[in-house]
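The values are calculated or read from the model by the stated rules, or taken from the named source; none is laboratory data. In this text the structure is predicted, and so the values were computed from the model without any measurement. We place every Cβ from the backbone using ideal geometry, glycine too, and count neighbours over all the protein chains shown.
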């Protein structure tokens, strides 16, 4: 049995908690905190009861107990850090992750902020303490890209990567292409469907895709690329005419994140792409193509967001840690 | 290219062989006997693709075979790429934008399709560029990138073939 503490009880956190309560995976939640409260029990918490409280009251535990308390004092092997991404400072997540690593606890996170901003430092700290820092859920939701890089493609040199990493943009572009909608109409529809935030800037200007590209580049090449290094153009100035003109040629337009170190290219931009290209996926799907020296091209397609889908990536990381470090099956 | 050769057995094959010898690819051979031509020569038109820089070698080889080259019509711009430009294209002097490519001597705009919405709204155009080589195409696109930045235009490039 592996004990875990869960920090963050939004859509992803609830998904993780529900799956751990439902599936017998040998993982016990001994601490939970949301933004207002926390609770700990080394014998395991009653997840169903806590989720019910969260729905009813808006918080899950004791208001006297903070997330920092759970991180600092909880009895757990691995911390699950799933608080919202702060792309500017990475806090308070960086603080939680550091505190857990210093206590020699493994960390699994879906939070892009800490990994994009402080990967080098956190990675070094984890190695120093002999624990794992895993973040499969930060990039392309359910697609197991990190596992594939680490295991399936071990020994390959990654020459380039191309990806559709933002579901909101892909949904908007799909609708503009399929229905001839203007950007404004497609965005409005995406909002109604719950695919776009009230302030869509972060998605439509390619910031989210760029952050994911930074995470991938640092993981693959350890090149210390930062968000400001990404050559970034969003989709918010696209016209319906542009999609039509591309369509005349058997093409469409997609927001593509690409990194080709040998050409010094690291960029996120809308691109003309043939409709039958493997990266042309529909709706909110994500896709990633890697070009390697041995395997050549490999493309993964899957869901890039969603409570259960993102939880899938977190569960995968947790079971990897459980098997590798905590308890061999 | 249009060739003139002796109308005798084996001549046509002798004229075609050098093309494959220099790595060329024959696309079409048009062989027409003109009835009012009473001498013993044969006129043949050949459409072919040649790797860059091999034309002179082919010409020399054909001469060795006693083939007279009447005419070479060279289509030298081989690389094609289509981009989309969005913005105030007319207000920012579209002909200047096009000219920046055309004036390079190694690349040119060969097709331009444009949709113009209401006045003051941004217009969208699809531009196809031809260039002599891949490197020249990269240079042409780089010029377009610079011009787009200067004129606040949105340039949408194609995703290159994964190489």
| task | Go through (1) loosely packed, with under 15 Cβ neighbours inside 10 Å; (2) assigned to a loop (DSSP other than H, G, I, E, B); (3) in contact (Cβ under 8 Å) with a residue 60 or more places away in the chain and name the single condition residue A:120 misses. | result | (2)
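Listed here are the residues, each with its yes/no results for (1) more than 14 Å from chain A (Cβ to nearest Cβ); (2) assigned to a loop (DSSP other than H, G, I, E, B); (3) modelled with pLDDT of 95 or more; (4) over 26 Å from residue A:260 (Cβ atoms).
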site: B:83; (1), (2), (3), (4): no, no, yes, no
site: B:86; (1), (2), (3), (4): no, no, yes, no
site: B:89; (1), (2), (3), (4): no, yes, no, yes
site: B:92; (1), (2), (3), (4): yes, yes, no, yes
site: B:95; (1), (2), (3), (4): yes, no, no, yes
site: B:98; (1), (2), (3), (4): yes, no, no, yes
site: B:138; (1), (2), (3), (4): no, no, no, no
site: B:160; (1), (2), (3), (4): no, yes, no, no
| task | Scan region A:268-279 residue by residue and report those that are more than 10 Å from chain B (Cβ to nearest Cβ), in contact with a strand residue (DSSP E or B) (Cβ under 6 Å, 6 or more places away or on another chain) and surrounded by fewer than 22 Cβ atoms within 10 Å (Cβ to Cβ). | result | A:275
| Can we say residue A:51 is at pLDDT below 95, over 23 Å from residue A:221 (Cα atoms), part of a helix (DSSP H, G or I) and outside the structural domain of residue A:225 (by TED's automatic domain parsing)? | yes
| Verdict on residue B:61 being crowded, with 18+ Cβ neighbours inside 10 Å, over 20 Å from residue A:270 (Cβ atoms) and away from chain A (no Cβ under 14 Å) | no
| query | Are any residues in region A:210-235 touching a helix residue (DSSP H, G or I) at 6+ places or on another chain (Cβ under 7 Å) and either within 14 Å of another protein chain (Cβ to nearest Cβ) or part of a strand (DSSP E or B) (or both), and if so, which ones? | reply | A:232, A:234, A:235
| said: With the requirement that a residue be touching a residue at least 24 places away in the same chain (Cβ under 8 Å) and on the phi > 0 side of the Ramachandran plot, what does region A:147-201 give you? | reply: A:155, A:180
| Complete set of residues in region A:243-266 that are more than 22 Å from the chain's Cα centre (by Cα), on the phi < 0 side of the Ramachandran plot and either at the interface with chain B (Cβ under 9 Å from one of its Cβ atoms) or not in a strand (DSSP E or B) (or both) | A:243, A:244, A:245, A:246, A:247, A:248, A:249, A:251, A:253, A:261, A:262, A:263
| What number of residues in region A:280-297 are surrounded by 16 or more Cβ atoms within 10 Å (Cβ to Cβ), within 14 Å of chain B (Cβ to nearest Cβ) and either modelled with pLDDT under 95 or in a strand (DSSP E or B) (or both)? | 6
